[in-house]
Amino acid sequence: MLISTSFLSSKNLIQDLKKLDQTDTDFIHMDIMDGKFVRNKTMPFKEMRNIYKYTSKRLDVHLMVQNPERYILDYASLNTEYIVIHLELDIDIEKSLKLIKRCGIQCGLAVRPDTEIKELLPYLPLLDIILVMSVEPGAGGQAFLRETENKIKELKVLLREYHSHAKISVDGGITDLTKSYCSECDILVSGSYIINGNDFQTQIDSLR
Ligand code: DX5
Ligand code: ZN
């Protein structure tokens, strides 16, 4: 199982990023919020990009923003593996996904807990990754929603049926207990469970 660590709940960002760099986490999950698509707001790109000083890990960027085109070129310029935008946006989704691809970055769509999996269908051929939200987006430290288990199963069937090789990632409330509901995923995104633990590597080991 691949692990992507979210630093959204970190109270000492520099120290935690340096510590995470010493672990075998596969990615650093960057939660970007604009105060519109979700209520919270993260720091602007000119501050966010400084994280390259403290981590050599590949980045997994989760854009919780209303207008992703404003952010894609900036985040594509970092050490980025994936950029994920939300399916629920009232924008030309395909155009944004193609922009991510043109930057040479793998692209994905995130689905909120109440968004139906079948809404992904029109975009499947373009997708490298699908991020299933197991909490409402916008904050770390929330409890895993149990209905996510069936959603992941439904997605797995859909991917098989349409011969898609998109990876499945799950984000929100992931712990050593809730991971058992996500065994069909490729990537677990975990924030507070790792960051609030005494030893980051021990927490990561318990999720693999
Ligand atoms: C929620 C974010 C998640 C979150 C994960 O809006 O997208 O990435 O930070 O944090 P935990 O693991 O604490 O739910
Ligand atoms: Zn996230």
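Figures for the structure shown
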{"quantity": "In region 119-148, the residues that are acidic (Asp, Glu) and open to solvent by less than 40 Å² (accessible area, probe 1.4 Å)", "calculated": "128"}
{"quantity": "Verdict on residue 143 being of a type outside the set (Phe, Trp, Tyr) and either away from ligand 1 (no atom under 15 Å from the Cβ) or within 14 Å of residue 29 (Cα to Cα) (or both)", "calculated": "no"}
{"quantity": "Long-range neighbours under 6 Å by Cβ, at least six apart or interchain, first residue among the aromatic types (Phe, Trp, Tyr) and within 13 Å of ligand 1 (Cβ to nearest atom) within region 6-32, second at pLDDT 95 or above and open to solvent by less than 10 Å² (accessible area, probe 1.4 Å)", "calculated": "27/4; 27/60"}
{"quantity": "Check on residue 73, over 17 Å from the mean Cα position of the chain (by Cα), at pLDDT 95 or above and among the hydrophobic types (A, V, I, L, M, F, W, C)", "calculated": "yes"}
{"quantity": "Qualifying residue in region 5-24 (condition: farther than 23 Å from residue 198 by Cβ, within 14 Å of ligand 2 (Cβ to nearest atom) and open to solvent by less than 10 Å² (accessible area, probe 1.4 Å))", "calculated": "no"}
{"quantity": "Residue within region 131-142 that is within 15 Å of residue 3 (Cα to Cα) and touching a Ser or Thr at 6+ places or on another chain (Cβ under 7 Å) present", "calculated": "yes"}
{"quantity": "Filtered residue count, region 179-208, keeping only those that are away from ligand 2 (no atom under 15 Å from the Cβ) and not aromatic (Phe, Trp, Tyr)", "calculated": "17"}
{"quantity": "Residue check for residue 174: within 11 Å of ligand 1 (Cβ to nearest atom), crowded, with 22+ Cβ neighbours inside 10 Å and touching a residue at least 60 places away in the same chain (Cβ under 8 Å)", "calculated": "no"}
{"quantity": "Within region 188-203, considering residues that are surrounded by fewer than 22 Cβ atoms within 10 Å (Cβ to Cβ) and not polar (S, T, N, Q), the one nearest to ligand 1 (Cβ to nearest atom)", "calculated": "197"}
{"quantity": "Some residue of region 84-93 being surrounded by 18 or more Cβ atoms within 10 Å (Cβ to Cβ), of a type in the set (Val, Ile, Thr) and within 13 Å of ligand 1 (Cβ to nearest atom)", "calculated": "yes"}
{"quantity": "Region 34-75: number of residues that are in a strand (DSSP E or B) and open to solvent by 10 Å² or more (accessible area, probe 1.4 Å)", "calculated": "3"}
{"quantity": "Some residue of region 103-115 being open to solvent by 60 Å² or more (accessible area, probe 1.4 Å) and in a helix (DSSP H, G or I)", "calculated": "no"}
{"quantity": "Pair list, Cβ < 9 Å and 6+ apart or interchain, from region 45-62 residues that are hydroxyl-bearing (Ser, Thr, Tyr) to residues that are part of a loop (DSSP other than H, G, I, E, B) and open to solvent by 20 Å² or more (accessible area, probe 1.4 Å)", "calculated": "52/78; 52/79; 55/79; 56/79"}
{"quantity": "The listed residue being farther than 23 Å from residue 139 by Cβ and part of a helix (DSSP H, G or I), out of 81, 94", "calculated": "94"}
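The values are calculated or read from the model by the stated rules, or taken from the named source; none is laboratory data. Since the structure is predicted, the reported quantities are computational estimates derived from the model, not experimental observations. All Cβ positions, even for glycine, are placed from backbone atoms using ideal geometry, and neighbour counts span all protein chains on display. Accessible surface is based on the protein model in full, side chains and every heavy atom, while ligands, DNA and RNA are left aside. Shrake-Rupley method; radii C 1.70, N 1.55, O 1.52, S 1.80 Å.
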